[in-house]
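Below is one structure, written out as structure tokens; comments come after it.
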Number of protein chains: 2
Amino acid sequence: MRIRLLGTAAGGGFPQWNCGCVNCCLARAEPARAWPRSQCGAAVSADGRRWFLLNASPDLPAQIQAFPPLLPDGVRRGTAVEGILLTSADLDCTLGLLLLREGERLTVHAPAAVRQAVNVGLRIDRVLACYCGVEWRLPPAEPAPLLDRRSEPTGIRYAAFPVPGQPPRYHTAGEGGGVGYRLEDEGSGARLVFLPGVAEWTESIQAQVQDCDALLLDGTFWAEDEMQRLDVGSRTASAMGHLPVGGPHGSLMRIAALRIPHRIYVHVNNTNPLLIEDSAERRAVEAVGAMVGWDGLELSL
Amino acid sequence: MRIRLLGTAAGGGFPQWNCGCVNCCLARAEPARAWPRSQCGAAVSADGRRWFLLNASPDLPAQIQAFPPLLPDGVRRGTAVEGILLTSADLDCTLGLLLLREGERLTVHAPAAVRQAVNVGLRIDRVLACYCGVEWRLPPAEPAPLLDRRSEPTGIRYAAFPVPGQPPRYHTAGEGGGVGYRLEDEGSGARLVFLPGVAEWTESIQAQVQDCDALLLDGTFWAEDEMQRLDVGSRTASAMGHLPVGGPHGSLMRIAALRIPHRIYVHVNNTNPLLIEDSAERRAVEAVGAMVGWDGLELSL
């Protein structure tokens, strides 16, 4: 299974257009010390030919452009994107769908609550019906073949599992929480867990991640009160549905002891000190053998 | 008046994520012969401090990042963007509004039909109300001061004029046509006309543009049947609401005789041969003293 991190920043990207926090200023002035990152997403393929996108940030067209295997190959119009798997209805996970409207019908895998939120709150279904159209697929709770656009197997089995979280701010009426995905290469047996948003580390989450080969994990905030400390916002990490990385109850302590070969933080907010290449927080992550993802990082499992 | 072209391509940008036409392939293989371009928009300021955006493409955050005068200046969160003027409700002109949601309330200037289309068709107003909120302003038909967020004059007078065109595909129930803008520097008297979408060259359009100092004009298609010829689509330029540049009735013939110092094509579709640096079509434009805009081009009038 080949995995490409298309983007690794949280909503707004890094640096963020209107942010003058210490991190964003450093990313503009000395990008070698704080690498710019586009909004979070990944691409996965078992055969290197048919690819699935994990989430659809508004940076998706540029991310596709930067990764030739996704581009049309010898055809006038086309794509190697066989489907898009959504974990959440958040704008930074879904607006990219509208930016793929020039192509063929999109195949979007999303749990019912996410599908409802984007269709009621953003009218994604109605809008895209005027362009490419959408075929919705409900991801299975138990591993099942991940099919391409022609409903042929692609060598990957996948399942979605519920994740504690917040509903999108634009549609709070729904159930809220999104999902994580487990993807398994039917050939090599390699397992990827994609979990870019998680509000709480439950036993169920632990069970989902503990035996995987690669974990792409929510790295939005280092600390619960990070936005307040930097004077750029008043909301806490919890209120925004993200378990912080640091602290005695943070996700780093949870994953430190797990025997997962690749533990990679993604969806990193512009305020997170993990974005600074030489920060103490970055060293703490690397000290346990985990890492902070960057745009363009690839894994072969 | 200072003018910056933030982006100069039509919807989908150049190259387009799923396009393998000759232009897009050249832009990927030899970008010096076909410069990549982001989606159309511009920034305008009379005092160099308070800026107005002309349209809001989904490439806006990256475009802001690439133009330091728009960035927060010595503040934790902030922007020099005082307002956004919309010409059309098309997705490539408006989706960027959702990507400015992390800031303060947006001030958006739009004619009633455009406002209705984005609010009914995309729920822009309802969605942004959950984040930054929007203050809508109706652009005047006769020149009036363009005010900043605090309703202070900015040294620019502006007016919107109706333009023949198509309604956005996602909301065809409305009136359809968008507007063009005339902006005049109250100090220098310099006049800019922003007209990135026009379906027909009427006497009224002619009257609006003929005495300006700079014209940013719809350069979407060179030819009426360009999409068909390149085998990437079946819709004609007219059906998509754009007067072609070339041909005996094209816009180039219209502007060739006008004494406008800066005649610049923008909103150029990925299929347009004008994008090729050494094409005959490019030479034809330059032969009459007009030009094809590029991302980052600046004018001082």
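Values for this structure:
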read-out: Count of residues meeting criterion [closer than 18 Å to residue A:151 by Cβ, within 13 Å of chain B (Cβ to nearest Cβ) and surrounded by 24 or more Cβ atoms within 10 Å (Cβ to Cβ)] in the range A:85-105; value: 0
read-out: Pair list, Cβ < 6 Å and 6+ apart or interchain, from the range A:15-29 residues that are closer than 11 Å to residue B:76 by Cβ and facing chain B (nearest Cβ under 7 Å) to residues that are assigned to a strand (DSSP E or B) and charged (D, E, K, R); value: A:18/B:77; A:19/B:77
read-out: Output for the range B:30-49, where each listed residue is more than 24 Å from residue B:283 (Cβ to Cβ), within 13 Å of chain A (Cβ to nearest Cβ) and open to solvent by 10 Å² or more (accessible area, probe 1.4 Å); value: B:38, B:39
read-out: Qualifying position, being of a type in the set (Ser, Thr, Tyr) and touching a Cys at 6+ places or on another chain (Cβ under 7 Å), among B:170, B:131; value: B:170
read-out: Residue list for the range A:57-79, restricted to those being assigned to a loop (DSSP other than H, G, I, E, B) and either surrounded by fewer than 20 Cβ atoms within 10 Å (Cβ to Cβ) or facing chain B (nearest Cβ under 9 Å) (or both); value: A:58, A:59, A:66, A:67, A:71, A:72, A:73, A:74, A:75, A:76, A:78, A:79
read-out: Residues of the range A:285-294 classified as within 14 Å of the chain's Cα centre (by Cα) and either in a helix (DSSP H, G or I) or surrounded by fewer than 22 Cβ atoms within 10 Å (Cβ to Cβ) (or both), total; value: 1
read-out: Residue satisfying condition, being touching a Phe, Trp or Tyr at 6+ places or on another chain (Cβ under 8 Å), of a type in the set (A, V, I, L, M, F, W, C), at pLDDT 95 or above and not in a loop (DSSP other than H, G, I, E, B), within set A:97, A:6; value: A:6
read-out: Residues of the range B:232-256 satisfying the condition of being over 17 Å from residue B:40 (Cα atoms), assigned to a helix (DSSP H, G or I) and open to solvent by 10 Å² or more (accessible area, probe 1.4 Å); value: B:238, B:239, B:252, B:253, B:254, B:256
read-out: All positions within the range A:125-143 that are among the aliphatic types (A, V, I, L, M), under 21 Å from the mean Cα position of the chain (by Cα) and more than 14 Å from residue A:84 (Cα to Cα); value: A:141
read-out: Lone qualifier among B:137, B:126 - being within 13 Å of another protein chain (Cβ to nearest Cβ) and either more than 30 Å from residue A:62 (Cα to Cα) or surrounded by fewer than 17 Cβ atoms within 10 Å (Cβ to Cβ) (or both); value: B:126
read-out: Residue satisfying condition, being surrounded by fewer than 20 Cβ atoms within 10 Å (Cβ to Cβ) and in contact with a helix residue (DSSP H, G or I) (Cβ under 9 Å, 6 or more places away or on another chain), within set A:229, A:259, A:282, A:263; value: A:282
read-out: In the range B:266-279, the residues that are over 17 Å from the mean Cα position of the chain (by Cα), open to solvent by 10 Å² or more (accessible area, probe 1.4 Å) and touching a residue at least 60 places away in the same chain (Cβ under 8 Å); value: B:273, B:276, B:277, B:278
read-out: Considering residues of the range B:212-225 that are over 23 Å from residue B:94 (Cα atoms) and open to solvent by less than 10 Å² (accessible area, probe 1.4 Å) only, the residue farthest from the chain's Cα centre (by Cα); value: B:212
read-out: Hits in the range A:185-211 (condition: under 17 Å from the mean Cα position of the chain (by Cα) and either on the phi > 0 side of the Ramachandran plot or open to solvent by less than 60 Å² (accessible area, probe 1.4 Å) (or both)); value: A:192, A:193, A:194, A:195, A:196, A:197, A:198, A:199, A:205, A:208, A:209
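For every residue, the table says whether it meets (1) in contact with a Ser or Thr (Cβ under 8 Å, 6 or more places away or on another chain); (2) within 20 Å of residue A:171 (Cβ to Cβ); (3) of a type in the set (Lys, Arg).
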position: B:98; (1), (2), (3): no, yes, no
position: B:114; (1), (2), (3): yes, no, no
position: B:118; (1), (2), (3): yes, yes, no
position: B:124; (1), (2), (3): yes, yes, no
position: B:131; (1), (2), (3): no, yes, no
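The values are calculated or read from the model by the stated rules, or taken from the named source; none is laboratory data. Quick caveat: nothing in here was measured; it's all calculated off a predicted structure. Virtual Cβ from ideal backbone geometry, glycine too; neighbours counted across all protein chains shown. Each accessible area value is taken on the protein alone, full model and side chains, heavy atoms only, with ligands, DNA and RNA left out. Shrake-Rupley method; radii C 1.70, N 1.55, O 1.52, S 1.80 Å.
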